Amino acid sequence: MKFFIDTANLEQIKEAQSLGVLDGVTTNPSLMAKEGITGHDNILKHYVDICALVDGDVSAEVIATDVAGMIKEGEALAKLHEQIVVKIPMIKDGIKAIKYFSDRGIRTNCTLVFSSGQALLAAKAGATYVSPFIGRLDDISTDGLNLIAEIRLIYDNYGFQTQILAASVRHTMHILDCAKIGADVMTGPLSSIEGLLKHPLTDIGLAKFLEDYNKGN
Ligand code: E4P
(Lines give C-alpha, C1' and ligand atoms only; values in the text may rest on other atoms or scores of the structure.)
Protein backbone atom coordinates (compact mmCIF):
# COMPACT_ATOMS: atom_id res chain seq x y z
CA MET A 1 0.00 0.00 0.00
CA LYS A 2 1.37 3.39 -0.98
CA PHE A 3 1.18 6.30 1.48
CA PHE A 4 0.60 9.77 0.07
CA ILE A 5 0.33 12.87 2.23
CA ASP A 6 -2.61 15.17 1.46
CA THR A 7 -1.24 18.66 1.99
CA ALA A 8 0.58 21.56 0.38
CA ASN A 9 2.43 22.32 3.63
CA LEU A 10 6.14 21.90 2.96
CA GLU A 11 7.07 21.31 6.61
CA GLN A 12 4.56 18.47 6.94
CA ILE A 13 5.73 17.00 3.64
CA LYS A 14 9.35 17.11 4.90
CA GLU A 15 8.31 15.49 8.18
CA ALA A 16 6.47 12.66 6.39
CA GLN A 17 9.37 12.19 3.98
CA SER A 18 11.81 11.93 6.90
CA LEU A 19 9.85 8.92 8.22
CA GLY A 20 10.97 7.05 5.10
CA VAL A 21 7.50 5.68 4.30
CA LEU A 22 6.16 8.40 2.00
CA ASP A 23 5.31 7.47 -1.59
CA GLY A 24 3.86 10.73 -2.86
CA VAL A 25 1.80 13.87 -2.32
CA THR A 26 -1.70 14.97 -3.27
CA THR A 27 -2.78 18.58 -3.30
CA ASN A 28 -5.85 20.44 -4.44
CA PRO A 29 -6.72 24.13 -4.88
CA SER A 30 -8.17 24.29 -1.34
CA LEU A 31 -5.00 22.85 0.20
CA MET A 32 -2.90 25.37 -1.76
CA ALA A 33 -5.10 28.25 -0.59
CA LYS A 34 -4.83 27.00 3.00
CA GLU A 35 -1.05 27.49 2.79
CA GLY A 36 -1.51 30.95 1.27
CA ILE A 37 -0.26 29.81 -2.15
CA THR A 38 -2.28 31.78 -4.68
CA GLY A 39 -1.74 32.93 -8.26
CA HIS A 40 -0.85 30.73 -11.22
CA ASP A 41 2.94 31.18 -11.13
CA ASN A 42 3.21 30.71 -7.36
CA ILE A 43 1.15 27.53 -7.55
CA LEU A 44 3.36 26.08 -10.32
CA LYS A 45 6.49 26.95 -8.34
CA HIS A 46 5.02 25.28 -5.27
CA TYR A 47 4.47 22.04 -7.22
CA VAL A 48 8.14 22.08 -8.24
CA ASP A 49 9.18 22.73 -4.62
CA ILE A 50 7.11 19.75 -3.49
CA CYS A 51 8.67 17.52 -6.16
CA ALA A 52 12.11 18.46 -4.85
CA LEU A 53 11.17 17.21 -1.36
CA VAL A 54 9.78 13.76 -2.22
CA ASP A 55 10.66 10.85 -4.49
CA GLY A 56 7.15 9.82 -5.55
CA ASP A 57 4.15 11.08 -7.48
CA VAL A 58 2.81 14.59 -6.90
CA SER A 59 -0.76 15.27 -8.02
CA ALA A 60 -1.30 18.73 -9.55
CA GLU A 61 -4.88 19.73 -10.27
CA VAL A 62 -6.18 21.47 -13.39
CA ILE A 63 -8.55 24.41 -12.92
CA ALA A 64 -10.14 24.33 -16.39
CA THR A 65 -13.41 22.43 -16.72
CA ASP A 66 -13.52 22.12 -20.53
CA VAL A 67 -11.55 19.46 -22.35
CA ALA A 68 -9.39 21.88 -24.38
CA GLY A 69 -8.51 23.87 -21.27
CA MET A 70 -7.74 20.74 -19.24
CA ILE A 71 -5.47 19.41 -21.99
CA LYS A 72 -3.57 22.70 -22.26
CA GLU A 73 -3.19 23.04 -18.51
CA GLY A 74 -2.43 19.36 -17.94
CA GLU A 75 0.29 19.31 -20.59
CA ALA A 76 1.94 22.33 -18.94
CA LEU A 77 1.70 20.70 -15.50
CA ALA A 78 3.17 17.42 -16.75
CA LYS A 79 6.12 19.31 -18.26
CA LEU A 80 6.90 20.92 -14.90
CA HIS A 81 8.44 17.77 -13.44
CA GLU A 82 8.51 14.03 -14.18
CA GLN A 83 6.87 13.32 -10.82
CA ILE A 84 3.75 15.31 -11.65
CA VAL A 85 0.49 13.42 -12.10
CA VAL A 86 -2.27 15.53 -13.68
CA LYS A 87 -5.32 15.64 -11.43
CA ILE A 88 -8.58 15.92 -13.34
CA PRO A 89 -12.13 16.21 -12.00
CA MET A 90 -14.70 13.48 -12.64
CA ILE A 91 -16.86 15.29 -15.20
CA LYS A 92 -17.63 14.45 -18.82
CA ASP A 93 -14.85 16.64 -20.23
CA GLY A 94 -12.56 15.26 -17.55
CA ILE A 95 -13.06 11.73 -18.87
CA LYS A 96 -12.21 12.94 -22.38
CA ALA A 97 -9.06 14.62 -21.07
CA ILE A 98 -8.03 11.49 -19.12
CA LYS A 99 -8.38 9.43 -22.30
CA TYR A 100 -6.32 12.01 -24.22
CA PHE A 101 -3.54 11.91 -21.62
CA SER A 102 -3.64 8.15 -21.23
CA ASP A 103 -3.17 7.71 -25.01
CA ARG A 104 -0.06 9.90 -24.77
CA GLY A 105 1.49 8.28 -21.68
CA ILE A 106 0.75 11.22 -19.36
CA ARG A 107 -0.33 10.00 -15.92
CA THR A 108 -3.61 11.16 -14.41
CA ASN A 109 -5.47 11.12 -11.11
CA CYS A 110 -9.25 11.29 -11.51
CA THR A 111 -10.49 13.29 -8.53
CA LEU A 112 -13.84 13.97 -6.83
CA VAL A 113 -15.05 10.39 -7.29
CA PHE A 114 -18.07 9.45 -5.19
CA SER A 115 -19.55 6.39 -6.93
CA SER A 116 -18.36 3.09 -8.37
CA GLY A 117 -19.86 4.05 -11.75
CA GLN A 118 -17.60 7.09 -11.87
CA ALA A 119 -14.64 4.90 -10.93
CA LEU A 120 -15.48 2.42 -13.70
CA LEU A 121 -15.53 5.25 -16.27
CA ALA A 122 -12.21 6.62 -15.03
CA ALA A 123 -10.61 3.18 -15.40
CA LYS A 124 -12.07 2.73 -18.88
CA ALA A 125 -10.55 6.08 -19.87
CA GLY A 126 -7.16 4.90 -18.60
CA ALA A 127 -6.68 6.93 -15.42
CA THR A 128 -3.51 6.05 -13.51
CA TYR A 129 -5.23 6.75 -10.20
CA VAL A 130 -8.86 7.11 -9.18
CA SER A 131 -9.59 9.13 -6.03
CA PRO A 132 -12.76 8.16 -4.14
CA PHE A 133 -13.29 10.69 -1.31
CA ILE A 134 -14.20 8.50 1.64
CA GLY A 135 -14.25 11.16 4.37
CA ARG A 136 -16.65 13.38 2.47
CA LEU A 137 -19.00 10.42 1.95
CA ASP A 138 -18.84 9.64 5.68
CA ASP A 139 -19.68 13.32 6.28
CA ILE A 140 -23.04 12.81 4.57
CA SER A 141 -23.81 9.53 6.37
CA THR A 142 -22.77 7.32 3.45
CA ASP A 143 -20.23 4.53 3.92
CA GLY A 144 -17.05 5.72 2.21
CA LEU A 145 -15.26 2.42 2.84
CA ASN A 146 -18.03 0.53 1.08
CA LEU A 147 -17.22 2.53 -2.04
CA ILE A 148 -13.57 1.44 -1.84
CA ALA A 149 -14.70 -2.19 -1.56
CA GLU A 150 -17.04 -1.86 -4.57
CA ILE A 151 -14.35 -0.31 -6.74
CA ARG A 152 -11.84 -3.00 -5.66
CA LEU A 153 -14.31 -5.71 -6.71
CA ILE A 154 -15.06 -4.10 -10.06
CA TYR A 155 -11.41 -3.43 -10.93
CA ASP A 156 -10.38 -6.96 -9.94
CA ASN A 157 -13.23 -8.48 -11.99
CA TYR A 158 -11.73 -7.00 -15.14
CA GLY A 159 -8.07 -6.52 -14.28
CA PHE A 160 -8.16 -2.73 -14.55
CA GLN A 161 -4.71 -1.32 -13.80
CA THR A 162 -6.05 2.00 -12.44
CA GLN A 163 -4.85 2.33 -8.85
CA ILE A 164 -7.44 3.01 -6.16
CA LEU A 165 -6.25 6.07 -4.25
CA ALA A 166 -8.41 6.32 -1.14
CA ALA A 167 -8.70 10.08 -0.66
CA SER A 168 -10.26 12.32 1.95
CA VAL A 169 -8.80 9.98 4.57
CA ARG A 170 -9.33 11.71 7.88
CA HIS A 171 -7.83 9.40 10.52
CA THR A 172 -5.79 6.31 11.24
CA MET A 173 -8.70 3.83 11.20
CA HIS A 174 -9.52 4.92 7.64
CA ILE A 175 -5.99 3.86 6.65
CA LEU A 176 -6.30 0.45 8.31
CA ASP A 177 -9.74 -0.20 6.84
CA CYS A 178 -8.53 0.78 3.36
CA ALA A 179 -5.55 -1.54 3.79
CA LYS A 180 -7.87 -4.43 4.71
CA ILE A 181 -10.03 -3.80 1.65
CA GLY A 182 -7.01 -3.55 -0.62
CA ALA A 183 -6.83 0.10 -1.69
CA ASP A 184 -3.59 0.59 -3.63
CA VAL A 185 -2.88 4.00 -2.12
CA MET A 186 -4.20 6.21 0.63
CA THR A 187 -3.80 9.95 0.97
CA GLY A 188 -4.33 11.63 4.31
CA PRO A 189 -2.98 14.20 6.73
CA LEU A 190 0.31 13.66 8.58
CA SER A 191 -1.67 13.02 11.78
CA SER A 192 -3.38 9.98 10.22
CA ILE A 193 0.00 8.44 9.31
CA GLU A 194 1.59 9.23 12.66
CA GLY A 195 -1.46 7.74 14.38
CA LEU A 196 -0.28 4.33 13.16
CA LEU A 197 2.72 4.65 15.49
CA LYS A 198 0.74 4.94 18.65
CA HIS A 199 -0.06 2.29 21.24
CA PRO A 200 -0.12 2.87 25.01
CA LEU A 201 1.46 -0.54 25.69
CA THR A 202 4.44 0.47 23.54
CA ASP A 203 4.93 3.61 25.65
CA ILE A 204 4.46 1.72 28.94
CA GLY A 205 6.76 -1.10 27.81
CA LEU A 206 9.50 1.28 26.69
CA ALA A 207 9.33 3.29 29.93
CA LYS A 208 9.70 0.05 31.92
CA PHE A 209 12.63 -1.17 29.82
CA LEU A 210 14.43 2.14 30.33
CA GLU A 211 13.63 2.15 34.06
CA ASP A 212 15.00 -1.39 34.48
CA TYR A 213 18.09 -0.61 32.42
CA ASN A 214 18.84 2.39 34.60
CA LYS A 215 18.64 0.27 37.78
CA GLY A 216 21.91 -1.38 36.86
CA ASN A 217 23.66 1.81 35.78
C1 E4P B 1 -7.65 14.24 -2.58
O2 E4P B 1 -6.75 14.23 -3.39
C3 E4P B 1 -8.10 15.44 -1.87
O4 E4P B 1 -7.06 16.39 -1.84
C5 E4P B 1 -8.43 15.21 -0.45
O6 E4P B 1 -8.16 13.90 -0.04
C7 E4P B 1 -9.69 15.82 0.04
O8 E4P B 1 -9.81 15.58 1.42
P9 E4P B 1 -10.84 16.36 2.36
O10 E4P B 1 -12.20 15.79 2.11
O11 E4P B 1 -10.34 16.09 3.75
O12 E4P B 1 -10.76 17.81 1.96
Dipole axis of the chain (+1 Lys, Arg; -1 Asp, Glu on Cβ), positive-most option in 115, 173, 137: 115
Over 29 Å between Cα atoms: which of 2/99; 92/180; 14/87 fall into that group? 92/180
Toy charge model, Lys and Arg Cβ at +1, Asp and Glu Cβ at -1: the range 93-185 dipole around Cα centroid in debye, rounded to 20, equals 320 debye
Accessible carbon and sulfur surface of the range 1-79 relative to its total accessible area, %, 1.4 Å: 53 percent
Within a Cβ distance under 11 Å of residue 146, other residues only, what is the Lys/Arg minus Asp/Glu net charge? -3
Candidate cut points under GluC sites (Glu not before Pro) in the range 32-110, DSSP loop plus at most 11 other Cβ atoms within 10 Å of their own Cβ, are 82
Let me know the longest stretch in the chain that avoids all trypsin sites (Lys or Arg not before Pro) found in a DSSP loop with at most 12 other C-beta atoms within 10 Å. 1-103
Would you mind working out the magnitude of the charge dipole of the range 1-71 relative to its Cα centre, with +1 at each Lys and Arg C-beta and -1 at each Asp and Glu C-beta, to the nearest 20 Debye? 40 debye
Full-extension gain in nm, residue 153 to residue 52, via 0.36 nm per residue minus C-alpha separation: 32.8 nm
What nm distance separates the two modelled labels at residue 30 and residue 208, each placed 7 Å from Cα along Cα→Cβ? 4.4 nm
Simple label model, 7 Å out from Cα along Cβ direction - residue 81 to residue 44, nm: 1.5 nm
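For the chain, what is the accessible area per residue in Å², given a 1.4 Å probe and the full set of protein chains?
Accessible surface, normalised per residue, equals 50 Å².
The values are calculated or read from the model by the stated rules, or taken from the named source; none is laboratory data. Please read all numbers here as calculations on a predicted model, not as lab measurements. With ideal geometry, Cβ positions are generated from the backbone for all residues, glycine too; neighbour counts draw on all protein chains shown. We work out accessible area using only protein heavy atoms, side chains counted, and drop any ligands, DNA or RNA first. Shrake-Rupley method; radii C 1.70, N 1.55, O 1.52, S 1.80 Å.
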